[in-house]
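Written below as structure tokens is the structure these notes are about.
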Amino acid sequence: MPTTSMSHAPLLSVRNIDKSFGRRADRRQVLFDVSADVYPGECLAVIGGSGSGKSTLTRIMLGLDTADSGTVTYAGGDIRRESGLVFQDPFSSLDPRWRVGRSVAEPLRIQRRDLSRDEIAARVAAALRTVGLDPAVFLGRYPIDLSGGQAQRVAIARAIVNEPRVILADEPMSAIDVAARIQILDAFAAIRETRRETALVMVSHDLGVVQHIADRILVLHDGRVEECGPTYAVLGDPQSAYTRELIASASL
């Protein structure tokens with residue numbers, strides 16, 4: 001199981017986050033006084049049942065949504081420019097008209113106009129190799145030519161090509177088969193090995209995946225933090241009855 005030192009300051013912190021959706025009588029609160037930290041180089045897994053607020057919290061963390069109250073503190077520049085996103089369904093996040101090379105290069109074309117074509121090509125090739133895809137084979141392919149696992153690895157390559165400080169992976173393995181999940185885990189392991197200061201925030205309901213990749217776990221239930229701690233502690237000695245139910249249902 002990965003381990004990361006927490007002796008340094010957080011890269012990203014959220015404090016006392018409240019969030020609601022809807023208007024007036026139909027307004028529904030989905031996050032209640034949520035606080036959390038993300039450290040450089042760590043993998044923080046955010047787990048909980050459907051509707052627990054996992055995706056909403058992580059979107060607020062990365063500036064993709066705003067909180068009703070509370071603070072988000074990032075020890076860097078613009079977190080939206082220094083983060084990479086990996087979504088649940090890779091095919092919905094890849095333009096079917098674009099070859100793999102263009103899809104992976106797109107963040108560089110938008111944000112790094114100082115790079116030459118050769119520099120962009122080199123970074124795209126390096127990102128594909130990091131996730132276990134041979135550029136000579138995959139650069140010219142379209143999404144329709146890819147398996148689910150290959151498409152998700154292309155999406156991960158696109159997320160890391162700009163060397164982000166934070167990666168958000170929102171249920172990245174729920175839409176692919178079991179065999180492909182191993183490839184995705186290997187891809188994330190390679191990223192963590194080669195980019196040791198990059199933080200990974202992974203939203204997941206799959207505790208089998210979480211126990212293999214996460215340094216710490218944040219458990220959300222009905223928009224509230226049930227507990228947060230090192231993976232071995234949360235899974236091995238859960239303090240919350242809800243966490244114990246999650247673990248029992250996962251048959252860990």
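Is there a residue being assigned to a strand (DSSP E or B), free of Cβ contacts under 8 Å to residues at least 40 places away in the same chain and surrounded by fewer than 18 Cβ atoms within 10 Å (Cβ to Cβ) anywhere in the range 92-105?
Quick first cut of the range 92-105, residues assigned to a strand (DSSP E or B) only: none.
Within the range 92-105, none of the residues are assigned to a strand (DSSP E or B), free of Cβ contacts under 8 Å to residues at least 40 places away in the same chain and surrounded by fewer than 18 Cβ atoms within 10 Å (Cβ to Cβ).
Just wondering, is there one or more residues in the range 134-153 that are within 25 Å of Ile60 (Cα to Cα) and either touching a residue at least 12 places away in the same chain (Cβ under 8 Å) or over 15 Å from the mean Cα position of the chain (by Cα) (or both)?
At the first step, the residues of the range 134-153 found to be within 25 Å of Ile60 (Cα to Cα) are 152-153.
Checking which are either touching a residue at least 12 places away in the same chain (Cβ under 8 Å) or over 15 Å from the mean Cα position of the chain (by Cα) (or both) leaves us with 152-153.
Yes, there is a match, as at least one residue in the range 134-153 is within 25 Å of Ile60 (Cα to Cα) and either touching a residue at least 12 places away in the same chain (Cβ under 8 Å) or over 15 Å from the mean Cα position of the chain (by Cα) (or both).
Find the residue count for the range 121-133, including only residues that are of a type outside the set (D, E, K, R) and over 19 Å from the mean Cα position of the chain (by Cα).
Within the range 121-133, the first condition is being of a type outside the set (D, E, K, R), and the residues that meet it are 121-122, 124-128, 130-133.
After this cut, where a residue has to be over 19 Å from the mean Cα position of the chain (by Cα) as well, the list is 121-122, 124-126, 133.
Count: 6.
For (1) in contact (Cβ under 8 Å) with a residue 24 or more places away in the chain; (2) buried (at least 16 other Cβ atoms within 10 Å of the Cβ), each residue gets a yes or a no:
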position	(1), (2)
Ser13	yes, yes
Arg24	no, no
Leu57	yes, yes
Asp65	yes, no
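Residues are listed down the side, and each one gets a yes or a no for (1) surrounded by 22 or more Cβ atoms within 10 Å (Cβ to Cβ); (2) more than 24 Å from Phe32 (Cα to Cα); (3) not acidic (Asp, Glu):
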position	(1), (2), (3)
Gln183	no, yes, yes
Glu193	no, yes, no
Ala199	yes, yes, yes
Cys228	no, no, yes
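Just to verify a result, which residue in the range 157-172, among those that are part of a loop (DSSP other than H, G, I, E, B) and touching a Leu at 6+ places or on another chain (Cβ under 8 Å), is surrounded by the fewest Cβ atoms within 10 Å (Cβ to Cβ)? Talk me through it step by step, then tell me what you get.
Restricting attention to the range 157-172, the residues satisfying the condition of being part of a loop (DSSP other than H, G, I, E, B) are 161-165, 171-172.
Okay, now just the ones that are also touching a Leu at 6+ places or on another chain (Cβ under 8 Å), so 161-162, 165.
Working: Val161: 25, Asn162: 18, Arg165: 21.
The extreme case among them is Asn162.
Can you find a residue in the range 226-242 that is part of a strand (DSSP E or B), of a type in the set (Gly, Ala, Ser), more than 16 Å from the chain's Cα centre (by Cα) and at pLDDT 95 or above? Before the answer, list the steps.
Taking the range 226-242 first, the residues part of a strand (DSSP E or B) are 226-230.
Within this subset, residues satisfying the condition of being of a type in the set (Gly, Ala, Ser) are 229.
Narrowing further to those that are more than 16 Å from the chain's Cα centre (by Cα): 229.
Going one step further and asking which of them are at pLDDT 95 or above, we end up with 229.
Yes.
Go through the residues of the range 36-45 one by one and say whether even a single one is among the acidic types (Asp, Glu), surrounded by 13 or more Cβ atoms within 10 Å (Cβ to Cβ), modelled with pLDDT of 95 or more and over 19 Å from the mean Cα position of the chain (by Cα).
Within the range 36-45 (the criterion being among the acidic types (Asp, Glu), surrounded by 13 or more Cβ atoms within 10 Å (Cβ to Cβ), modelled with pLDDT of 95 or more and over 19 Å from the mean Cα position of the chain (by Cα)), the answer is no, since none of the residues qualifies.
Just checking, does the range 198-217 include any residue being within 27 Å of Pro96 (Cα to Cα), assigned to a loop (DSSP other than H, G, I, E, B) and either without any contact (Cβ under 8 Å) to a residue 12 or more places away in the chain or over 15 Å from the mean Cα position of the chain (by Cα) (or both)?
Within the range 198-217, not a single residue is within 27 Å of Pro96 (Cα to Cα), assigned to a loop (DSSP other than H, G, I, E, B) and either without any contact (Cβ under 8 Å) to a residue 12 or more places away in the chain or over 15 Å from the mean Cα position of the chain (by Cα) (or both).
Among the residues of the range 106-139 satisfying the criterion of being among the basic types (Lys, Arg) and either touching a Phe, Trp or Tyr at 6+ places or on another chain (Cβ under 6 Å) or closer than 23 Å to Glu193 by Cα (or both), which is surrounded by the most Cβ atoms within 10 Å (Cβ to Cβ)? Write out each step before concluding.
Start the filter on the range 106-139 by keeping residues that are among the basic types (Lys, Arg), which leaves 109, 112-113, 117, 123, 129.
Subset that is either touching a Phe, Trp or Tyr at 6+ places or on another chain (Cβ under 6 Å) or closer than 23 Å to Glu193 by Cα (or both): 123, 129.
Values: Arg123: 21, Arg129: 14.
Going through the qualifying residues, I end up with Arg123.
The values are calculated or read from the model by the stated rules, or taken from the named source; none is laboratory data. This is a predicted model, so every value here is computed, not measured. Glycine gets a Cβ as well: all are built from the backbone with ideal geometry, and neighbour counts include every protein chain shown.
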